[in-house]
Each structure stands twice: as C-alpha cells, then as structure tokens.
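Shown next, in structure tokens, is the structure this report addresses.
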Amino acid sequence: MQRICVFCGSAAGVSPAYAQAAKQFGQALAGRGLGLVFGGGNVGLMGAVANAALEAGAEVIGVLPKALQAREPGHQGLTQLHVVAGMHERKAMMAELCDGFVALPGGLGTLEELFEVWTWAMLGFHRKPVCLLDVGGYWAPLLAMVERMVDDGFVIAAHRRMLIVDDRIESLLDKISEYQPPQVPRWIGDGET
Ligand code: AMP
C-alpha cells in the first residue's frame with residue numbers, strides 16, 4: 001500500500017468540520033507514510049487535504065485536466081502535477097497511481113468519481129478498496145439510497161458490502177490496509193444476491 005486516491009469537494013462545505021476532517025485525513029496519510037493522489041486543485045477540501053499532507057511530509061500527486069487548469073491553475077507546491085487531456089485520462093491515471101480510493105464529503109464530481117471506481121470494483125476491473133469517510137453523517141442519505149437499491153433488487157448485497165464506510169480516519173485506514181478483495185458475483189442473478 002503506497003498511495004491513496006482522495007475524491008472530495010472542490011468546495012469547502014458550510015461546516016468547518018469538513019475542512020478539519022480533510023486536513024486530518026491528509027495528516028493521517030503522511031503519518032502512515034502513505035502518498036496522496038488527488039485532482040490537483042488548490043480549492044475547497046481538495047486543497048485542504050493536499051496542503052495538510054504536503055505540510056506533514058507526504059508525497060502528493062495531482063492529476064488535472066487541461067481545461068480545468070485553464071480556468072484555475074493547479075496546486076503549485078505538489079510533489080508532481082500531471083496535466084492531462086481530459087477527465088477520462090485523469091480518472092484513469094488517478095486509478096492507476098493509487099492502491100485505494102477514499103471519498104470525503106463533496107458534490108457531483110465526488111459522487112461521479114466514487115461511483116465510477118465502485119462500479120469498476122463491482123465488475124472486477126480492479127481489486128482496490130473503495131471507501132467513504134463519513135464526516136458528520138454526510139453520507140447517510142446516500143447510504144440509505146444504496147440500501148433502497150439493494151432492497152428493490154438493483155444492487156446485490158455483496159456489491160454494497162464492497163464499500164468500506166467509517167467515520168474515524170485511523171480506523172478507516174486500518175481497514176484499507178487489511179482489505180482483502182472479496183470474490184463477488186459480477187451480475188445480478190449470478191450466484192449470491
Ligand atoms: P465536486 O465534488 O463537484 O466539488 O467535484 C470535485 C471535482 O471537481 C474534482 O475532482 C474536479 O473534477 C473538479 N474540480 C472543480 N474545480 C476544480 C479545480 N479548481 N481544480 C481541480 N479540479 C476541480
């Protein structure tokens with residue numbers, strides 16, 4: 001386990017608890033000798049996690065699409081900043097560079113990134129852990145939606161169980177380091193439900 005990819009808000013959120021958690025997460029990665037892979041911006045929770053990880057001595061790699069860089073320069077103090085052609089290249093490179101994924105609170109971009117890597121795990125395209133850091137119960141409505149998807153037969157329980165959820169950073173990082181990818185059926189109706 002070398003690097004964790006973080007998906008999180010380009011906004012900081014209303015409560016200061018979000019930036020505080022992002023900062024603590026960056027520090028915790030550095031404390032364990034883990035590097036950070038993230039979207040490369042110096043805004044919102046993205047900036048908070050990256051700055052805290054850098055200050056605490058971690059390797060921090062940003063991956064920024066050209067079009068976003070044109071609007072707002074990427075973070076200038078990173079260990080490495082890769083500027084790539086578009087969003088698809090960005091997500092592929094972020095996935096390649098890391099050994100696990102953690103979503104902190106965020107908006108539409110964060111959800112899109114989370115669901116993409118969770119779907120890839122479900123389909124067996126990678127075997128890396130996919131996680132949520134649940135700050136202040138932020139993810140509870142999303143988790144309720146996923147329960148509904150299971151109850152109504154659109155998601156199998158084995159795929160829901162692939163997502164690691166914790167509200168404590170150290171315990172989440174422990175679970176990541178111990179993660180053994182499950183053998184799960186890929187399709188609804190393909191064995192376990
Ligand atoms: P959201 O959760 O909607 O705030 O989206 C987070 C995602 O926003 C990031 O992963 C990026 O795709 C995108 N994003 C928005 N603004 C920036 C920025 N200034 N630098 C880098 N990425 C950004």
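The values are calculated or read from the model by the stated rules, or taken from the named source; none is laboratory data. Owing to the predicted nature of the structure, the values given are computational and were not obtained by experimental measurement. Reconstructed Cβ throughout: ideal geometry from the backbone, glycine too, with neighbour counts over all protein chains shown. Side chains are part of the model used for accessible areas, which takes the heavy atoms of the whole protein and leaves out ligands, DNA and RNA. Shrake-Rupley method; radii C 1.70, N 1.55, O 1.52, S 1.80 Å.
Relative contact order of the chain: 20 percent, from C-alpha pairs under 8 Å at least 6 residues apart in sequence.
If you take the alpha carbon atoms of the chain and fit the smallest convex hull around them, that volume is 107 Å³ per residue.
Amide H to amide H distances under 5 Å link Asp167 with Asp134, where only residues 5 or more positions off or on other chains count and H is placed in the peptide plane. Under the Kirkwood approximation for Rh and a Cα-based Rg, what ratio Rg/Rh is obtained for region 64-113? Using only Cα positions, Rg/Rh for region 64-113 is 0.95.
At 1.4 Å probe size, put His88, His159 in order of accessible surface, largest to smallest.
Details: His88 145, His159 10 Å².
So, going from the largest accessible area down, we get His88, His159.
Hey, with R₀ at 30 Å, roughly what FRET efficiency would Leu108 and Gln183 work out to, going by the Cβ-Cβ distance, to 0.05? If you can, show how the numbers build up before the last one.
Working: r = 32 Å, r/R0 = 1.08.
The calculated FRET efficiency here is 0.40.
Can you give the charge dipole size of region 3-175 about its Cα centre, rounded to the nearest 20 debye, using +1 on the beta carbon of Lys and Arg and -1 on the beta carbon of Asp and Glu?
Values: 14 positive and 17 negative charges, 44 e Å.
Here region 3-175 has a charge dipole of around 220 debye.
Amide H contacts of Ala103: Phe7, Cys131, Leu132, Leu133, each under 5 Å away and 5 or more positions distant or on a separate chain (H built 1.01 Å from N in the peptide plane; Pro and chain starts excluded).
Counting only residues at least eight positions apart within a chain, or on another chain, the lysines with an alpha carbon under 29 Å from that of Lys66 are Lys23, Lys91, Lys128. Absence of a disulfide-compatible partner, taken as no other cysteine beta carbon within less than 4.7 angstrom, is noted in the chain for Cys8, Cys131.
With the charge dipole of region 1-103 set up from +1 on Lys and Arg Cβ and -1 on Asp and Glu Cβ about the Cα centre, the Cα lying farthest toward the positive end among the listed residues His75, Ala30, Ala56 is that of His75.
Extension gain for the segment Asp151 to Glu89, taken as residue separation times 0.36 nm less the Cα-Cα distance, is 18.8 nm to one decimal. Annotation: per residue accessible area for region 90-181 equals 47 Å², rounded to a whole number [probe 1.4 Å, protein chains only]. The calculated 222 nm mean residue ellipticity attributable to helices in the chain amounts to -13500 deg cm²/dmol, summing -39500 (n - 2.57) over DSSP H runs of n ≥ 4 and dividing by all residues.
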